[in-house]
1. Look through region 2-28, keep the residues that are within 13 Å of F44 (Cβ to Cβ), buried (at least 16 other Cβ atoms within 10 Å of the Cβ) and not basic (K, R), and return whichever of them is modelled with the highest pLDDT.
2. Can you tell me which residue in region 31-46 is modelled with the lowest pLDDT, limited to those that are hydrophobic (A, V, I, L, M, F, W, C) and more than 16 Å from the ligand (Cβ to nearest atom)?
3. Looking at region 47-94, what strands (runs of 3 or more DSSP E) fall wholly within it and have at least 3 residues that are more than 9 Å from the ligand (Cβ to nearest atom) and open to solvent by 20 Å² or more (accessible area, probe 1.4 Å)?
4. Being under 11 Å from V20 (Cα atoms) and open to solvent by less than 40 Å² (accessible area, probe 1.4 Å) is the filter here, so list the residues in region 101-110 that pass it.
5. Could you check region 34-49 and list, in sequence order, the residues that are within 21 Å of D93 (Cβ to Cβ) and small (G, A, S)?
6. Starting from region 26-54, take each residue that is closer than 14 Å to E65 by Cα and free of Cβ contacts under 8 Å to residues at least 40 places away in the same chain and list its partners that are part of a loop (DSSP other than H, G, I, E, B) and of a type in the set (D, E), counting only C-beta distances under 8 angstrom and pairs at least six apart or across chains.
7. Examine region 54-69 for a residue that is within 15 Å of the chain's Cα centre (by Cα) and under 22 Å from A10 (Cβ atoms), and state whether such a residue exists.
Amino acid sequence: MTDPAAQIDARDERLAQNEVIFRTVNESIEQQAIKFGGLDSYEFICECSSTECFSRVGLTLEEYEHIRSEGVRFFVLPGHANIEVEVVVEAKDDYCVVEKDGAAGIVADLADPRDGDPVSFQP
Ligand SMILES: [Zn+2]
């Protein structure tokens, strides 16, 4: 006997894990961006739940930090949001900010490398 609710949670969790991996990649892109200085935009990787997507999203460090300030928020290209596990909370021309809910939100928040601490990039 399988519990349908548990199955949905497991799938949400897997989708969230994928986004968490890309967030880790983007954290190291940000570290490089800080090292090389400047407040121009940098190419981060779309954090959508697709394992096939390696699309670039241009964000300034300021925009990136704004998104990262919430452990359950990710950025994706317009149209890449998965409405089954997340809601769009900000829609910009080049990207959307999504927020996880349910099991996916818990996974995302627990895996947050920041624990809410902002990274300072101002000189
Ligand atoms: Zn994507």
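1. Step one: filter region 2-28 for residues within 13 Å of F44 (Cβ to Cβ), giving 19, 22-28.
Remaining after also requiring buried (at least 16 other Cβ atoms within 10 Å of the Cβ): 19, 22-23, 26.
With the extra rule that they be not basic (K, R), the set shrinks to 19, 22, 26.
Working: E19: 82, F22: 89, N26: 95.
It comes out as N26.
2. Going through region 31-46, the residues hydrophobic (A, V, I, L, M, F, W, C) turn out to be 33-34, 36, 39, 44-46.
Filter once more, so that each one left must be more than 16 Å from the ligand (Cβ to nearest atom): 33-34, 36, 39.
Details: A33: 86, I34: 85, F36: 79, L39: 65.
Filtering region 31-46 for residues that are hydrophobic (A, V, I, L, M, F, W, C) and more than 16 Å from the ligand (Cβ to nearest atom), the one modelled with the lowest pLDDT comes out as L39.
3. Numbers: elements: 56-60, 73-76, 86-91.
Those strands (runs of 3 or more DSSP E) span 56-60, 86-91.
4. Step one: of region 101-110, the residues under 11 Å from V20 (Cα atoms) are 104-105, 107-110.
Across region 101-110, the qualifying residues are A104, G105, V107, A108.
5. Filtering region 34-49 for residues within 21 Å of D93 (Cβ to Cβ) gives 39-48.
Across region 34-49, the qualifying residue is only S41.
6. N26/E47
7. No, there is no match, as no residue in region 54-69 is within 15 Å of the chain's Cα centre (by Cα) and under 22 Å from A10 (Cβ atoms).
The values are calculated or read from the model by the stated rules, or taken from the named source; none is laboratory data. Computed from a predicted model, the values in this text were never measured in an experiment. In this analysis, Cβ positions are derived from the backbone assuming ideal geometry, glycine residues included, and neighbour counts consider all displayed protein chains. For accessibility, only protein heavy atoms count, side chains too; no ligands or nucleic acids. Shrake-Rupley method; radii C 1.70, N 1.55, O 1.52, S 1.80 Å.
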